[in-house]
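Here the structure is laid out as structure tokens; the discussion comes afterwards.
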Amino acid sequence: MLRKEDARLLRGRGRFVDDVQLPGMLHLAILRSPFAHATIVSIDTSAAEASPGVKAVVTGETLKGLGLAWMPTLSNDVQAVLATDKVRFQGQEVAFVVAEDRYKARDALELIDVEYDVLDPVVDVRKALEPDAPIIRTDLEGKTNNHVFDWETGDEAETDAVFARADVIVKEDIVYPRVHPAPMETCGSVADFDPVEGKLKLWSTTQAPHAHRTLYAIVAGLPEHKIQVIAPDIGGGFGNKVPIYPGYVLSIVGSIVTGKPVKWMEDRSENLISTGFARDYIMRAEIAATAEGKILGIRTNVLADHGAFNGTAAPVKYPAGFFGVFTGSYDLEAAHCKMTAVYTNKAPGGVAYACSFRITEAVYLVERIVDALAYELAMDPAELRLKNFIQPEQFPYATKTGWVYDSGDYEPTMRLAMEMAGYDELRKEQAEKRARGELMGIGISFFTEAVGAGPRKDMDILGLGMADGCELRIHPTGKAVVRLSVKTQGQGHETTFAQIIAEELGIPPDDIDVVHGDTDNTPFGLGTYGSRSTPVSGAAAALVARKVRDKAKLIASAMLEVSVADIDWVKGSFQVKGDPGKAVTIQEIAFKAHGAGDLPEGIEGGLEAQICYNPSNLTYPHGAYICVVDIDPGTAEVKVRRFIAVDDCGTRINPMIIEGQVHGGLTDGVGMALMEMISFDEDGNCLGASLMDYLIPTALEVPDWETGFTVTPSPHHPIGAKGIGESATVGSPPAIVNAVVDALKPFGIRHADMPLTPSRVWDAMRGQATPP
Ligand code: MCN
Ligand code: CUN
């Protein structure tokens, strides 16, 4: 089925936050810190206030008076809405101007005079905990270092024991650099506070409208029923639109102060330097195996750069997200991880860019170290993986770090990818080319993801349980409206959720309207991230449709004048058993439910239902990726020649949309593996503040993707579906890096860090790998 939303999006009729125009609307611009670390000595706003068209200039001091200078982050830290004491990263919010238009607001920013006293910044994460490191979070009482948290998973003693009896141990330092999701649409909001009704309407770029509304209520002390959060069309989220940014709060303040609607829309540089980054994990990985290549255990030590505020958006009990699945798709005897997270003078964030809550980092770690092991054992990396896979009869499989994989059948997925690639032929071709001095590499990655957070007993964000509501109403003529708590940012929910309902009720998908992204008109739920929409809300949609069907059955039995036990559900209608000619369609039942005459005793009129679905477990999609690269020995430029991706997301709802999700994620992978990285100079200046410096892939850098699939349904999901939205972003970077490292094998190279730009590959070829 083609995407329903494309009728409007392809004609330029989408309605994004920046399309919202309200009568009398004013525009907000933010003054940001030019320094990574500096004390604010004074701020003079008088010239800005006198600038033409300016309606308000607000600093942190003003917010302090209102008790709004600080706000909670999604990770139990606090973040400055506007800096009061000092600035902690370049690009941090210092003051804002509200003016008649965007230009006047921006011009006035230049007139704000801030005197800073520059402090030494903490830029190198490895030095953040040194005793003489400057302390960033002086706002936190008694804080005497830059430590955020320590976290540990698995069993250290058991792991040490398997390492002690291993024949081979391979150790590698692996860096997953700081990257940025860079959605096409940047973040923004329009706030409209009506002082008479006491009601706030906020259009904003949010992936989680309900969670945001509850937090605004708690932070600003506004009554929750007087806040309406609307996420209209979103031009890509990729996790960038999960956190609450100071800009959203400032537009609310701006509207309250001026009594007018206020729009804030950040530009590309603001987005790149100040909003939620991704990754930034420095990982020491060790793998232990027998001489025959049976993997015994993995251990890792991670140093996590969280920036100036811990603004990660992970379930409360999971400060490192779902990094705990770093044991991957392999049946190990023991595993252990120790992590330390630190503050640095950089923008906050951490969970973004299709990471499945940090499974990107976990999969990169395990797939890279398994390849390093193959190198040491002189074993084929495909063979090594096949030898260590968790076997189908072991599911549900409990990992050594406490996760229960719901289902999986890895070998057929791997074999299909190898067959599509022509793996043996490729190896032959590679051997011939190597003999001629040509650099060709073949890289494999095999991943298992954990997506679909909750269940609520284990998972919550700031105390809000991770479950999702869904409401379904069938109109008298048999058309329907379904209301979701999740929010699409391009994934095609308006199509796929209609398909789920259609499949359950036999109503054509075009007759089903999907409503989402408006807290006044949808049931409560935690929103879209971690590919949780299909696993959680998709389940809710199937179950709410079944609830409606159960009621329809009672009405059908009365209409057909037979007992409930004597009717069958067959594609959109209830039929009398053994007499298919006697039947009523769901549309006829819907009319009867609203129509003249009596309904059976105890049955209320109408045909609708509502549900709140609390998943019993996550879903665990998997996939096998094979990448073929050629490296130009003269320029060290890497060309991805082929990429084979076989994904297993259980039951597939819309194959075309899945294909699109995979293509997008694979393109992300090429970006991260070969060109993307946010870097800083020693003063903490962000060097990737525009798309001229922060490179993202285009059609020129990607091959024609070759995709395939296997289907291993989730046993606990009502339709057996698992998530797919982040799989390819998670799974592709290691395949590409493994391919590049494989191509460089003649140079004796076992590891090289992303992004594998020509200069890094060049240095690696010359045995002088640059420190990351
Ligand atoms: N789908 C399907 N069959 C399945 C699983 C999924 O047809 N078995 C369909 C779904 O119905 C949905 C799409 O594939 O239309 C993605 O579903 P799912 O895996 O449930 O992921 P979400 O809808 O929760 O999307 C979130 C995920 C995340 S977390 C990021 S980050 C990301 C991604 O989706 N951001 C995206 N893909 C994106 N795609 C676009 N275009 N824009 C983004 O911002
Ligand atoms: Cu980690 S990015 Mo998506 O979960 O919104």
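Given the C-alpha atoms of segment 256-354, compute the convex hull and give its volume per residue in Å³. Write down the numbers at each step before the final one.
Details: hull volume 15.3 nm³, N = 99.
Residue-normalised Cα hull volume stands at 155 Å³.
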Open item on the list: What number results when the radius of gyration of segment 653-772, computed over Cα atoms, is divided by 2.2 N^0.38 Å?
Closed with: 1.31
TODO: List, in the order given, every pair from K317/K479; K457/K487; K86/K226; K201/K479 whose Cα-Cα distance in the structure shown is over 32 Å.
DONE: K317/K479; K86/K226
Task: trypsin sites (Lys or Arg not before Pro) within segment 449-480: DSSP coil, no more than 11 neighbouring Cβ in 10 Å - done: K457
- [ ] Between L66 and D683, take the C-beta separation as r, use R0 = 41 Å, and let me know the FRET efficiency to the nearest 0.05.
- [x] 0.80
Open item on the list: Tell me the Kirkwood radius of segment 9-49: reciprocal of the mean inverse pair distance over distinct alpha-carbon atoms, in Å.
Closed with: 14.8 Å
Open item on the list: Starting from 0.36 nm per residue, how many nanometres of slack lie between F747 and N76 once their C-alpha separation is accounted for?
Closed with: 236.8 nm
TODO: Provide the per-residue ³J(HN,Hα) series for segment 601-613, in order, calculated from phi with Karplus coefficients 6.51, -1.76, 1.60 and θ = phi - 60°, each as a whole number of Hz, with x at glycine and proline positions.
DONE: 4, x, 9, 6, x, x, 9, 7, 7, 8, 8, 10, 9
Task: Overall dimensions of segment 286-328 by Cα: Rg and Dmax, Å - done: 14.9, 46
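Taking the Cβ of each residue in K241, K143, K387, K260 as the centre, tally the other Cβ atoms inside 10 Å and list the residues starting with the fewest.
Values: K241 32, K143 13, K387 16, K260 19.
Fewest-to-most Cβ neighbours within 10 Å comes out as K143, K387, K260, K241.
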Task: Separation in nanometres of the label points that stand 7 Å from Cα toward Cβ, at V41 and K639 - done: 5.7 nm
Task: ³J(HN,Hα) computed for each position of segment 48-63 - Karplus, 6.51 cos²θ - 1.76 cosθ + 1.60, integer Hz, glycine/proline x - done: 5, 4, 7, 5, x, x, 7, 9, 7, 10, 10, 10, x, 4, 4, 5
Task: Equivalent ellipsoid semi-axes - Cα gyration tensor, segment 92-200, angstrom - done: 46, 22, 18
Task: Fully extended contour minus Cα-Cα distance, from K127 to V711, at 0.36 nm per residue - done: 205.6 nm
Open item on the list: For segment 77-178, which GluC sites (Glu not before Pro) pass both filters: DSSP loop (anything but H, G, I, E, B) and at most 14 other C-beta atoms within 10 Å?
Closed with: E110, E141
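Can you give me the convex hull volume of the Cα atoms of the chain, divided per residue and expressed in Å³? Can you show the working numbers first?
Values: hull volume 135.6 nm³, N = 772.
Value for the chain: 176 Å³ per residue.
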- [ ] Kindly put V219, V737, V670, V170 in sequence by how many other C-beta atoms sit within 10 Å of each C-beta, fewest to most.
- [x] V219, V170, V670, V737
Task: Pairwise FRET efficiency - R13 versus D101, Cβ, R0 = 22 Å, nearest 0.05 - done: 0.35
Task: Nearest-0.05 FRET efficiency for L462 and A398, computed from C-beta distance (R0 30 Å) - done: 0.55
Open item on the list: Can you compute the helix-only [θ] at 222 nm over the chain? Use -39500 (n - 2.57) per DSSP H run of at least 4 residues, normalise by all residues, nearest 500 deg cm²/dmol.
Closed with: -8000 deg cm²/dmol
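Between D598 and S690, what length comes free when the chain is fully extended (0.36 nm per residue of separation minus the Cα-Cα distance, one decimal in nm)?
Values: separation 92, 0.36 × 92 = 33.12 nm, distance 6.65 nm.
26.5 nm is the gain from fully extending D598 to S690.
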Open item on the list: I need the phi-derived Karplus couplings for segment 302-310: 6.51 cos²θ - 1.76 cosθ + 1.60, θ = phi - 60°, integer Hz, Gly and Pro marked x.
Closed with: 10, 10, 10, 8, 9, x, 7, 9, 7
Task: Of all DSSP beta bridges in segment 396-523, antiparallel share, percent nearest 5 - done: 70 percent
TODO: Calculate how many DSSP beta bridges within segment 161-241 are antiparallel, expressed in % of all such bridges and rounded to the nearest 5.
DONE: 60 percent
Open item on the list: Give me the one-decimal nm value for the distance between modelled label points at R434 and S616, 7 Å along each residue's Cα-to-Cβ direction.
Closed with: 4.9 nm
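Can you list which of the GluC sites (Glu not before Pro) found in segment 627-734 are DSSP loop residues with at most 11 other C-beta atoms within 10 Å?
Values: sites: E637, E659, E676, E682, E701, E706, E726; in loops: E637, E676, E682, E726.
Of the GluC sites (Glu not before Pro), the ones in loops of segment 627-734 whose Cβ has at most 11 other Cβ atoms within 10 Å are E682.
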Open item on the list: Please list log₁₀ I(q)/I(0) at q = 0.17, 0.19 Å⁻¹ for segment 35-140, using the Debye equation with identical point scatterers on the alpha-carbon positions.
Closed with: -0.86, -1.00
Task: Rule-of-thumb Rg ratio for segment 361-412 [Cα; 2.2 N^0.38 Å; N residues] - done: 1.25
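No lab work stands behind these numbers, since they all come straight from the coordinates. These numbers come from a predicted model, not from an experiment. Cβ: placed from backbone, ideal geometry, glycine included. Neighbour counts: every protein chain shown.
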